[in-house]
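Read the structure below first, then the notes.
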Amino acid sequence: MASSSSAPLLLTILTSSLFIFFSIPSSVAISQDTIHIICLPAKNPDCCVKVLQSDLRTSSADIPLLSLISIELTMNEADLIYYNYAQIHEGTVDPSVRKGCEICLSMYQRIKDNLSKCHQYSAERDYKEIIQARPKVVDVLECNSALNPSFAVISEDMPDALDMVTRVAVYVQNHYGG
């Protein structure tokens, strides 16, 4: 039997434990509704939802993992685009196409570097820094303007991917802090 002097201490410990338990975000998988809520402010919400759902991990992901998934999907897209511009650069002798590809390679290297930083911040759950470090759509636009419009199709989905990273980071920042 607890003494009367230990009862307030036990009550304080129990209350503190319950507060901590209920204030820690759960690692429950996010719902499809949450994915739609996250993507709703995006410039292309349907694309955002489709891309997030394309990764098999999304169906069992919690919100912090969704942040990593969105960044990884965008990193994969940036790698593919970089590779495509490198292939065009290597395969042409046209000086204007080579110069345009060099600009795109530079822009996409910056995008890839920024996404790597975002991934690190996400792994550290420093979501505020993701918002600051995220790649800017202006890099994609600068690449697109450096080339003949027929080449812009290579990177046409990148602005939506970058927007998706932003939407997820903002959502996680608002709900989990960091």
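The values are calculated or read from the model by the stated rules, or taken from the named source; none is laboratory data. Since we're looking at a predicted model, the values are computed, not measured. When we count neighbours, we look across all protein chains shown, and the Cβ atoms used for this are built from the backbone with ideal geometry, even at glycine. To get the accessible areas, we keep the full protein, side chains included, count just its heavy atoms, and leave off ligands, DNA and RNA. Shrake-Rupley method; radii C 1.70, N 1.55, O 1.52, S 1.80 Å.
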Residue 120 being polar (S, T, N, Q), assigned to a helix (DSSP H, G or I) and either over 30 Å from residue 177 (Cβ atoms) or touching a residue at least 60 places away in the same chain (Cβ under 8 Å) (or both): no
Selected residue [β-branched (Val, Ile, Thr), modelled with pLDDT of 90 or more and open to solvent by 40 Å² or more (accessible area, probe 1.4 Å)] from 130, 103: 103
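Determine whether residue 139 is charged (D, E, K, R), modelled with pLDDT under 90 and open to solvent by less than 80 Å² (accessible area, probe 1.4 Å). Outline the logic, then answer.
Values: charged (D, E, K, R): yes; modelled with pLDDT under 90: yes; open to solvent by less than 80 Å² (accessible area, probe 1.4 Å): yes.
It is true that residue 139 is charged (D, E, K, R), modelled with pLDDT under 90 and open to solvent by less than 80 Å² (accessible area, probe 1.4 Å).
Go through the stretch 7-42 residue by residue and tally those that are modelled with pLDDT of 50 or more and loosely packed, with under 13 Cβ neighbours inside 10 Å. Please lay out each step first, then the result.
Filtering the stretch 7-42 for residues modelled with pLDDT of 50 or more gives 27-42.
Applying the additional criterion that residues be loosely packed, with under 13 Cβ neighbours inside 10 Å yields 27-28, 31-33, 40.
Result for the stretch 7-42: 6.
In the set 50, 112, 99, 128, which member is of a type in the set (D, E, K, R) and within 16 Å of residue 170 (Cα to Cα)? I'd like the intermediate steps shown before the answer.
Details: 50 fails: within 16 Å of residue 170 (Cα to Cα); 112 fails: within 16 Å of residue 170 (Cα to Cα); 99 fails: within 16 Å of residue 170 (Cα to Cα).
Testing whether each residue is of a type in the set (D, E, K, R) and within 16 Å of residue 170 (Cα to Cα) leaves just 128.
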Residue match in the stretch 87-95 (condition: modelled with pLDDT of 95 or more, under 12 Å from the mean Cα position of the chain (by Cα) and farther than 25 Å from residue 29 by Cβ): no
Members of the stretch 43-95 found to be open to solvent by 10 Å² or more (accessible area, probe 1.4 Å), in a helix (DSSP H, G or I) and under 13 Å from residue 157 (Cβ atoms), listed by number: 46, 47, 50, 51, 73, 76, 77, 80, 84
